[in-house]
Amino acid sequence: EKLDFTYIGDLIDGLIQLGIHPNAYRQVFNLTYGDAQPVLSAIEILREQFPSVSVRIEKRDQATPRRGTLSNEKATKLIGFNPNYKFTEGYTKYINWFVLHAQKHDLLSSKRVQLNE
């Protein structure tokens, strides 16, 4: 199973471009990175930060459509969209942000069970 992940900073940059670029008027764009990665590769990146992480892989829900690389060619050509963070870089940034946020708010304490503040 592969998904085309997009780092939030790239998405925001693309949305800003959509808001100001004249070629974006009345258009629909796909603002993805454009390089689907195996979903299970996220586990490898997660284990770099959390070596003892336990993962349970469940059977794929057959109602979920199969996806892969999505095209951002229209956004690239018409508004100059150029995402900067491939999956490995973006996911690592998410993890690092979470760790800092969790430490700052003492969310990793055994007294806390809710991590979605």
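Worth pointing out:
- Pairs of alpha carbons in region 42-114 whose separation is greater than 16 Å (percent): 71
- Total charge dipole magnitude, the chain, about the Cα centre, Cβ charges on Lys, Arg, Asp, Glu only, Debye to nearest 20: 220
- Take every Cα pair under 8 Å whose residues are at least 6 apart in sequence, average their separation, divide by the length of the chain, and the relative contact order is 38 percent.
- For LYS77, the lysines whose Cα falls under 20 Å of its own Cα, not counting residues fewer than eight places away in the same chain, are LYS86.
- Amide hydrogen neighbours beyond the local backbone of LEU3, cut-off 5 Å, H modeled: GLN37, VAL39
- Taking a Cβ cut-off of under 11 Å around PRO38, the surrounding Lys, Arg, Asp and Glu residues balance to a net charge of -1, with basic ones at +1 and acidic ones at -1.
- Cβ-based net charge around ARG67, under 9 Å, with every Lys or Arg adding one and every Asp or Glu removing one: 0
- Largest-first ordering by accessible area, 1.4 Å probe, given options LEU31, LEU3: LEU3, LEU31
- Positive minus negative residues near ILE8 (Lys, Arg vs Asp, Glu; Cβ under 15 Å): -2
- Prolate/oblate/rounded call for region 1-89, Cα gyration tensor, a/c under 1.5 rounded: prolate
- The distance from the alpha carbon centre of region 63-85 to that of region 1-52 is 8 Å, rounded to a whole number.
The values are calculated or read from the model by the stated rules, or taken from the named source; none is laboratory data. Since we're looking at a predicted model, the values are computed, not measured. Glycine also receives a Cβ, built like all others from the backbone with ideal geometry; neighbour counts cover every protein chain displayed. We work out accessible area using only protein heavy atoms, side chains counted, and drop any ligands, DNA or RNA first. Shrake-Rupley method; radii C 1.70, N 1.55, O 1.52, S 1.80 Å.
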